[in-house]
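> Pasting a structure here, questions to come.
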Amino acid sequence: MRDIKKVFVAGSGTMGMSIAQAFADKLYDVTVYDISEASIEHGKKLLALNQEALIKSGKSTPEHSEEVTEKICFTVDINDAKDTDFVTESVVEKLEIKHDFWANLSRIVGEDVLLTTNTSGLSITAIAEAVKCPERFVGMHWFNPPHIIPLIEVINGDKTDDANAQAVYELAKALGKKPIRAKKDVPGFCANRVQFTVLRELLHLVEDDVVSFEDADNVMKYGLGLRYACLGPFEIADMGGIDTFRNISEYLFADLDDSKEGSPIFRTLVDEGRLGVKAGAGIYDYPGDKADMAIKERDEKYMKVCDAIL
Ligand SMILES: NC(=O)c1ccc[n+]([C@@H]2O[C@H](COP(=O)([O-])OP(=O)(O)OC[C@H]3O[C@@H](n4cnc5c(N)ncnc54)[C@H](O)[C@@H]3O)[C@@H](O)[C@H]2O)c1
């Protein structure tokens, strides 16, 4: 295990701020960096909201929460990364922006400092083109909200030294997470490929008027999702019988949606400004305080499920 004490988190948005809390919860010294004071203020608000929810759910105490909050400091000066032991980046998902950030940052920190990006799907290898000493650059993909969801995908870029990817994996375990290794840098890594396979099929079934959005969500929440929280698809196949799963796959695979274009439903919703909870409307409506309530209820449910399965 590397001796990591100081962590530099780039981006104080939805992901960065929650990742900062995952580290501070284990009492790492965390510096959160963003480009503007306004973004930092937004990050502080997210920190307070998340800590309040953790205390309310009994997951933290006011004392521990205060300790966590004190472990996090904020800066708009990237040079404050100089003495850090580890970097995790959650800046906006644009290759040029990530390149600018990493070209700068990787020349400020020591040459053996582990550098990780939380990109949702950009190529780790492509981001690494801007990084000085790319063998220490690793994909570390967290899931929203990172201070609650246990899964982290650890991804090798083409130039990543496997020992460094393994060190990131061990660090994720030390944070109490359930990391997995993606040994190749494929688009969407593992989890987003599965998530978008499910979405493509369900969007197809809604477009084809087989099910409503609500029923598609219910299929996942009360059937498949519930099972997947307890058993993986391969464990479920073993339970169901591989012969039965083979028979189903032989007639069903050919009928599944395999469109190569993005979804027309998503395109229309975006054109209408229905961007989801953050816009007060998406596939469903979130008027008034319903958006904040939806996020709160989501976090409470996730925490209860984590309690049941971990
Ligand atoms: N939101 C999710 O569910 C999710 C899940 C996994 C991974 N990610 C990835 O995490 C990253 C951040 O996503 P988010 O949802 O937190 O976005 P966000 O918009 O909430 O936050 C991004 C932050 O980056 C800051 N920023 C922009 N340019 C910067 C720079 N050059 N240096 C430092 N900070 C800069 C912005 O001011 C903002 O505060 C993206 O790469 C995204 O794909 C997001």
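> Would you mind stating whether GLU96 is more than 15 Å from the ligand (Cβ to nearest atom) and of a type in the set (Asp, Glu)? Write out each step before concluding.
Values: more than 15 Å from the ligand (Cβ to nearest atom): no; of a type in the set (Asp, Glu): yes.
So GLU96 does not fit the description; no.
> How many residues does the range 105-129 contain that are in a loop (DSSP other than H, G, I, E, B), surrounded by fewer than 21 Cβ atoms within 10 Å (Cβ to Cβ) and away from the ligand (no atom under 12 Å from the Cβ)? Working first, answer last.
First, pick out the residues of the range 105-129 that are in a loop (DSSP other than H, G, I, E, B): 109-113, 118-123, 129.
Filter once more, so that each one left must be surrounded by fewer than 21 Cβ atoms within 10 Å (Cβ to Cβ): 110-112, 120-123, 129.
Those left that are additionally away from the ligand (no atom under 12 Å from the Cβ): 110-112, 123, 129.
So the count comes out to 5.
> Can you find even one residue in the range 289-296 that is among the β-branched types (Val, Ile, Thr), more than 22 Å from VAL194 (Cβ to Cβ) and either surrounded by 13 or more Cβ atoms within 10 Å (Cβ to Cβ) or assigned by TED's automatic domain parsing to the domain that holds GLY176 (or both)?
Taking the range 289-296 as the starting set, the residues that turn out to be among the β-branched types (Val, Ile, Thr) are 295.
With more than 22 Å from VAL194 (Cβ to Cβ) added as a condition, the list becomes 295.
Still in the running and either surrounded by 13 or more Cβ atoms within 10 Å (Cβ to Cβ) or assigned by TED's automatic domain parsing to the domain that holds GLY176 (or both): 295.
Looking for residues that are among the β-branched types (Val, Ile, Thr), more than 22 Å from VAL194 (Cβ to Cβ) and either surrounded by 13 or more Cβ atoms within 10 Å (Cβ to Cβ) or assigned by TED's automatic domain parsing to the domain that holds GLY176 (or both), one finds at least one in the range 289-296, hence yes.
> Look through the range 25-41, keep the residues that are closer than 17 Å to PRO146 by Cα and among the hydrophobic types (A, V, I, L, M, F, W, C), and return whichever of them is nearest to the ligand (Cβ to nearest atom).
So, considering only residues that are closer than 17 Å to PRO146 by Cα and among the hydrophobic types (A, V, I, L, M, F, W, C), the one nearest to the ligand (Cβ to nearest atom) is VAL32.
> Determine which member of the set GLU214, GLU235, GLU300 is in a helix (DSSP H, G or I) and touching a helix residue (DSSP H, G or I) at 6+ places or on another chain (Cβ under 8 Å).
Numbers: GLU214 fails: touching a helix residue (DSSP H, G or I) at 6+ places or on another chain (Cβ under 8 Å); GLU235 fails: touching a helix residue (DSSP H, G or I) at 6+ places or on another chain (Cβ under 8 Å).
That would be GLU300, the only listed residue that is in a helix (DSSP H, G or I) and touching a helix residue (DSSP H, G or I) at 6+ places or on another chain (Cβ under 8 Å).
> Here's something else I'd like to know. Hey, can you tell me all the residues within the range 178-229 that are of a type in the set (D, E, K, R), touching a residue at least 24 places away in the same chain (Cβ under 8 Å) and under 28 Å from THR119 (Cα atoms)?
Step one: list which residues in the range 178-229 are of a type in the set (D, E, K, R), which gives 178, 181, 183-185, 193, 200-201, 207-209, 214-215, 217, 221, 227.
Now restrict to residues that are touching a residue at least 24 places away in the same chain (Cβ under 8 Å): 178, 181, 183-185, 200-201, 207.
The answer is LYS178, ARG181, LYS183, LYS184, ASP185, ARG200, GLU201.
> What pairs come out if I take residues in the range 262-279 that are outside the structural domain of PHE196 (by TED's automatic domain parsing) and pair them with residues that are of a type in the set (Val, Ile, Thr) whose C-beta lies under 6 Å away, six or more apart or interchain?
Pairs found: none.
> Next question, about the same structure. Taking the range 271-288 on its own, how many of its residues are surrounded by fewer than 11 Cβ atoms within 10 Å (Cβ to Cβ) and not acidic (Asp, Glu)?
Going through the range 271-288 one residue at a time, the tally reaches 3.
> Just a yes or no: is a residue in the range 139-154 part of a helix (DSSP H, G or I) and either surrounded by 23 or more Cβ atoms within 10 Å (Cβ to Cβ) or within 11 Å of the ligand (Cβ to nearest atom) (or both)? Before the answer, list the steps.
So the first thing to find is which residues in the range 139-154 are part of a helix (DSSP H, G or I), and the list is none.
No, every residue in the range 139-154 fails to be part of a helix (DSSP H, G or I) and either surrounded by 23 or more Cβ atoms within 10 Å (Cβ to Cβ) or within 11 Å of the ligand (Cβ to nearest atom) (or both).
The values are calculated or read from the model by the stated rules, or taken from the named source; none is laboratory data. Every value quoted in this text rests on a predicted model; they were computed, and no experiment measured them. FYI the Cβ positions are ideal-geometry reconstructions off the backbone, even for glycines, and counts take in every protein chain you see.
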